[in-house]
Structure formats: structure tokens, C-alpha cells
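All remarks here apply to the structure that follows.
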Amino acid sequence: MRVVAVIPARYESSRFPGKPLTDVKGKTMIRRIFEQVSACPDIDEVLVATDDVRIFEEARSFAAEVVMTSPDCRSGTDRVAQAVRGLSADAVINVQGDQVVLDTVALSEVSRELRQGLPMVTVAARAQPEEYRDPNCVKVVCDLKGYALYFSRAPIPFERPGAGFEPWKHIGIYGFGRETLQRFTSLAPTPLELAESLEQLRAMENGIPIKVIFASGEFLEINTPQDKERILRTWDSF
């Protein structure tokens, strides 16, 4: 089975324009992400998918394989699906372009689960106390076999004193079997997806099971200039 990872990257971000090209300790963010994903031994090929010539040229400068996609893609997943059309891939992993530090062990686990034939796989990590009530931090709850029951921007599950439940936050890495990716991107947005602004709920509302990998390594996202400054202050500890 051939597993391909795609890093969707667009220039026009409302919170941080030009984010993929921002410098993070001497390298652009898109380069840092590409190099980490490329180091994962369970991934056969890595692509950058963009609609901007500046990102395209930067990716080519460090010898990345890069695909130009339409500026009309409504989401990163749609950009990923467009990028792999005509490509030999049995499974596809969407590694979002804000993951400046990621746990490649968890990424390998995603790949291995896809090789076992699972239709859709994602990643979660332990949520810090300050993240639990932050709507920008997406929480996930799972069944006893590790399949997602629900994703929400709300603090789930309810925090009952003494219950001993540790909340998990969702990490924006998605693995799809090829047919599942094609099906998912052909589906219309669903009510819960629109309510929460979380595209993974479209899969759940259409009966697509999502296996969750529980990561122990570090994940750091840069979504805003403030995120970048906060991460740079402690960069040497990673």
C-alpha cells in the first residue's frame, strides 16, 4: 500500500497572512513541516499543495514536490484531494500547514492504521487546563476502542470533580483511504459541521468511523503572529 502525505498551504490567512513563509528559527514554516513529515519512515511521498506562486517557489527551493491547486478549494482537505488526483496513492494523510512541530511517531501510527484498511484516522493529544475551555482548541471524546464519538469546541466531556477523566484535544492531521477521501469531499456540509465549524463532523454525520491515535509527543501550531512569538520564546526546549 502506498501512503502519501500532503501539506496544504495557502497564503491568504485571515489571522496570519503569508504564514507558510514566515521564518521560524532560520527556516520557513512550510519547510520545517515538510522536513519533519519527510523524515517519517512510514510515508512514501510528501507533497506541498498550494494556490500561491510564492509558496510554490519556496517549496521548490528546498526540492519539495509541490502541486498548484485551485484558489477555490473550500478547505485544506479539498486542496489535498485535488492534489492527489491522478497520483498513485492508496491512502492520503493531510498534515495541516500550521503544525510547526509534530510527533512523527504518531504520524507513523496514522500511516500504519491506514495500511490496515481503516477508512479515516486522526490524532489527539492531552489538553492542557487552559485549553479545555478555549473554543480555538477542539476537544474529542472516544469510545473504548479509540473511535471518535464527538468533536467540539465546547469543553467535553463535562468536568465532574473527582471523575478522573483527562480531556483530549484534536490535532489537525487526517488520514484517509483513497475512496474515503473522494467520498468525503463529495459530501455536502452537514448541520453539526456548520454549527461547530469542524469538517470532521461531516464524516461522522455520514457514518464514516474515525480512529483516533493518542499521541504522547509534542505538537505545536502557529495560527497567529502571537502563537509564533510564544513558541519562539521557548523554542530551545523542544
Tell me which residues, restricted to the stretch 211-223, are of a type outside the set (Lys, Arg), within 17 Å of Pro119 (Cα to Cα) and touching a helix residue (DSSP H, G or I) at 6+ places or on another chain (Cβ under 6 Å).
-> Ile213
The stretch 192-204, subset surrounded by 14 or more Cβ atoms within 10 Å (Cβ to Cβ) and free of Cβ contacts under 8 Å to residues at least 40 places away in the same chain, residue farthest from Arg32 (Cα to Cα) | Leu192
Checking Asn223 against (1) at pLDDT below 95; (2) part of a helix (DSSP H, G or I); (3) under 24 Å from Glu12 (Cα atoms), the condition it does not meet = (2)
State all residues of the stretch 60-82 that are farther than 23 Å from Ser197 by Cβ and either of a type outside the set (A, V, I, L, M, F, W, C) or in contact (Cβ under 8 Å) with a residue 12 or more places away in the chain (or both); if no residue qualifies, say none.
-> Arg60, Ser61, Phe62, Ala64, Glu65, Val66, Val67, Met68
Take the residues of the stretch 157-191 that are aromatic (Phe, Trp, Tyr) and in contact (Cβ under 8 Å) with a residue 12 or more places away in the chain: which is surrounded by the most Cβ atoms within 10 Å (Cβ to Cβ)?
-> Phe176
Answer residue from the stretch 133-190, given it is acidic (Asp, Glu) and farther than 28 Å from Thr224 by Cα and is farthest from the chain's Cα centre (by Cα) among those = Glu159
Among strands (runs of 3 or more DSSP E) entirely inside the stretch 86-141, those with 1 or more residues being among the basic types (Lys, Arg) and free of Cβ contacts under 8 Å to residues at least 60 places away in the same chain are 120-126
Answer yes or no: is there a residue in the stretch 213-223 that is aliphatic (A, V, I, L, M), surrounded by fewer than 20 Cβ atoms within 10 Å (Cβ to Cβ) and over 19 Å from the mean Cα position of the chain (by Cα).
-> no
Residues satisfying the stated conditions in the stretch 1-28, i.e. acidic (Asp, Glu) and in contact with a helix residue (DSSP H, G or I) (Cβ under 6 Å, 6 or more places away or on another chain) = none
Within the stretch 224-238, the count of residues that are exposed (fewer than 11 other Cβ atoms within 10 Å of the Cβ) and farther than 19 Å from Ala125 by Cβ comes to 3
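The values are calculated or read from the model by the stated rules, or taken from the named source; none is laboratory data. Everything quoted here is computed from the prediction, not taken from an experiment. Cβ sites come from the backbone with ideal geometry, for glycine too, and all protein chains shown count toward neighbours.
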